[in-house]
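Have a look at the structure below, then the notes.
The values are calculated or read from the model by the stated rules, or taken from the named source; none is laboratory data. No experiment lies behind these values; they were computed from the predicted model shown. Positions of Cβ are generated from backbone atoms using ideal geometry, with glycine treated the same way; all protein chains shown enter the neighbour counts.
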Amino acid sequence: MLAACVLLLAGSAGCGAGDGHGRTDGKGETSTSPVGKLLDDTDPQGRRLRQVDKKGAPDVGIEVLPDAHDTWDVRLTVHHFRFSPGGTKAKPVPGRGFASLFVDGRPVTRLRGTAYRLPARLVTRGTHHVTARLYADDGTVWAVKGKPVQSTADITVSQPDTTPGGTPDASGTPGGTPRAPSASGGTSAASAGPGATPDPAAMSASGIDLRTEGRGSPDRVGKAS
C-alpha cells in the first residue's frame, strides 16, 4: 500500500510538471527557442519580429559602391546567418532565411545571396538610404532587443554641373558625380543580381529610396558592419 501511494504521488507530480507550454517572461509571452520569440511588434512592412538572444544572433552589414556601368554594387556581409535557396519551406530555422533590400524604405528585391546591382536610375540626385534586413523563411523578421536585424548605407549623387559634354555619373546624368556612400542602413535595387528575386511591389517604383537602421558605423565607402 505504501508503495502504491508513492507511485501515485510521483505520477501526480509528473503530470503537473508536464502541463507547462514553454518558458514565459514577465509579460506572459512564451519563448519559441531555439528559433526565437515571436513578438507583436512589426517592421515597417508589417512583418512580425522574431526575437533571439544577442549572442549568436544573425547579423548583416551593407556596402554600396558606384561602378563603371551606371549601377551601384551592393554587397552584404552576414554573420551567424545562411541564405536559404528559393522554394524553401516557410518554416523558421535558426540562422536561416533571406534578406530584403530597400531604398528609402521602399522594398526593391529579395536577396538569397550577398551581391546585387542597383540601377543608378533608382537613386537619382540627392541622398538615398539603402537597407538590408534579415528575415526567417516564414517571413518574420530576425530581431535583437526588439529591433530588426538590418543595416543601412547612405549614398549621395551630387548635382550635375552645367559644363557641356560633362562625363555621365552613376545616375546617367552628364557631369554628375556619385559620392562614396556612408553607412547608415537602407535597401536598394531593382536590377537582377546574383541571388536576387525581384519584388513585385518595387518593380513599379521609380526613384526608390530605402531606409533601415543599421548597426554599423559609417565609413568612406558606405560600409555598414
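Of note:
- Within segment 91-103, residues that are within 16 Å of G46 (Cα to Cα) reach partners that are surrounded by fewer than 19 Cβ atoms within 10 Å (Cβ to Cβ) with beta carbons closer than 6 Å, at six or more positions or on different chains, in the pairs S100/R110.
- Odd one out for Y116 among (1) under 15 Å from A153 (Cα atoms); (2) modelled with pLDDT under 95; (3) of a type in the set (S, T, Y): (2)
- Residue in segment 38-49 that is of a type outside the set (G, A, S), buried (at least 19 other Cβ atoms within 10 Å of the Cβ), in contact with a Leu (Cβ under 6 Å, 6 or more places away or on another chain) and not in a loop (DSSP other than H, G, I, E, B) present: yes
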